[in-house]
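S.K.: First, the structure itself, so that you have it in front of you.
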């Protein structure tokens, strides 16, 4: 009997369940970074020789966004952007805030860092605000740091903020703003304010 039992094979019942792949919303495709609004700034201020060429979310997508800022002794360009925030103030002003990373060249010294940008389209006023700040470290192995800010008042026709629909397309690109290249009439406040500071490793501070 024992030899018979040894010769018998034990049968095990195995149930195999089919694997079902579920693809929700086609997650394999990258989602486009849609924007709440888009903005264009194309301005040149003769009084302090400052140029802004800015495109944020053209066609309401982050693709194609760019920033170029040039003033006395400094040039700043963008390399990447985060999604902007857009809102309307209690006074009815339209505001776009955005941050990103980029490069700066100040008095011939190269820097890499991050920036913040605020655009304010004033309601019922002939001039708008561009507020820009940059913080970076030197690329010349000197470990110098650069801190800078620019606040410029630009003609209303030089700055445009356009709301986007819920989708990635507004239906039409933002308007192309042509620089007026004019100096606004004096209203008791400066047309622009700028401050750039370099701190060197030995403690030397250079300001402009």
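S.K.: Since residue 136 meets every condition but one in (1) surrounded by 21 or more Cβ atoms within 10 Å (Cβ to Cβ); (2) in contact with a helix residue (DSSP H, G or I) (Cβ under 6 Å, 6 or more places away or on another chain), which condition does it not meet?
M.R.: Residue 136 satisfies all of (1) surrounded by 21 or more Cβ atoms within 10 Å (Cβ to Cβ); (2) in contact with a helix residue (DSSP H, G or I) (Cβ under 6 Å, 6 or more places away or on another chain) except (2).
S.K.: Right, something else. Can residue 64 be described as over 14 Å from residue 196 (Cα atoms), free of Cβ contacts under 8 Å to residues at least 60 places away in the same chain, part of a strand (DSSP E or B) and within 13 Å of the chain's Cα centre (by Cα)?
M.R.: Numbers: over 14 Å from residue 196 (Cα atoms): yes; free of Cβ contacts under 8 Å to residues at least 60 places away in the same chain: yes; part of a strand (DSSP E or B): no; within 13 Å of the chain's Cα centre (by Cα): yes.
For residue 64, the condition - over 14 Å from residue 196 (Cα atoms), free of Cβ contacts under 8 Å to residues at least 60 places away in the same chain, part of a strand (DSSP E or B) and within 13 Å of the chain's Cα centre (by Cα) - is not met.
S.K.: Just need a number here: residues in the stretch 43-57 that are surrounded by fewer than 20 Cβ atoms within 10 Å (Cβ to Cβ) and either under 11 Å from the mean Cα position of the chain (by Cα) or not in a strand (DSSP E or B) (or both).
M.R.: Our first condition is that a residue be surrounded by fewer than 20 Cβ atoms within 10 Å (Cβ to Cβ); within the stretch 43-57, this holds for 44, 46-49, 51, 53.
Still in the list and also either under 11 Å from the mean Cα position of the chain (by Cα) or not in a strand (DSSP E or B) (or both): 46-49.
Residues flagged as surrounded by fewer than 20 Cβ atoms within 10 Å (Cβ to Cβ) and either under 11 Å from the mean Cα position of the chain (by Cα) or not in a strand (DSSP E or B) (or both) within the stretch 43-57 amount to 4.
S.K.: Which number in (1) buried (at least 19 other Cβ atoms within 10 Å of the Cβ); (2) modelled with pLDDT of 95 or more; (3) within 18 Å of residue 69 (Cβ to Cβ) marks the one condition that residue 177 misses?
M.R.: Single failed check for residue 177: (2).
S.K.: Evaluate the stretch 110-126: report whether one residue or more is part of a helix (DSSP H, G or I) and touching a residue at least 12 places away in the same chain (Cβ under 8 Å). Reasoning before the result, please.
M.R.: Applying the first criterion (part of a helix (DSSP H, G or I)) to the stretch 110-126 yields none.
Checking the stretch 110-126: not a single residue is part of a helix (DSSP H, G or I) and touching a residue at least 12 places away in the same chain (Cβ under 8 Å).
The values are calculated or read from the model by the stated rules, or taken from the named source; none is laboratory data. What you see is a predicted model, and the numbers here were worked out from it, not measured in a lab. Please note: Cβ atoms are built from the backbone with ideal geometry, for glycine as well, and neighbour counts cover all protein chains shown.
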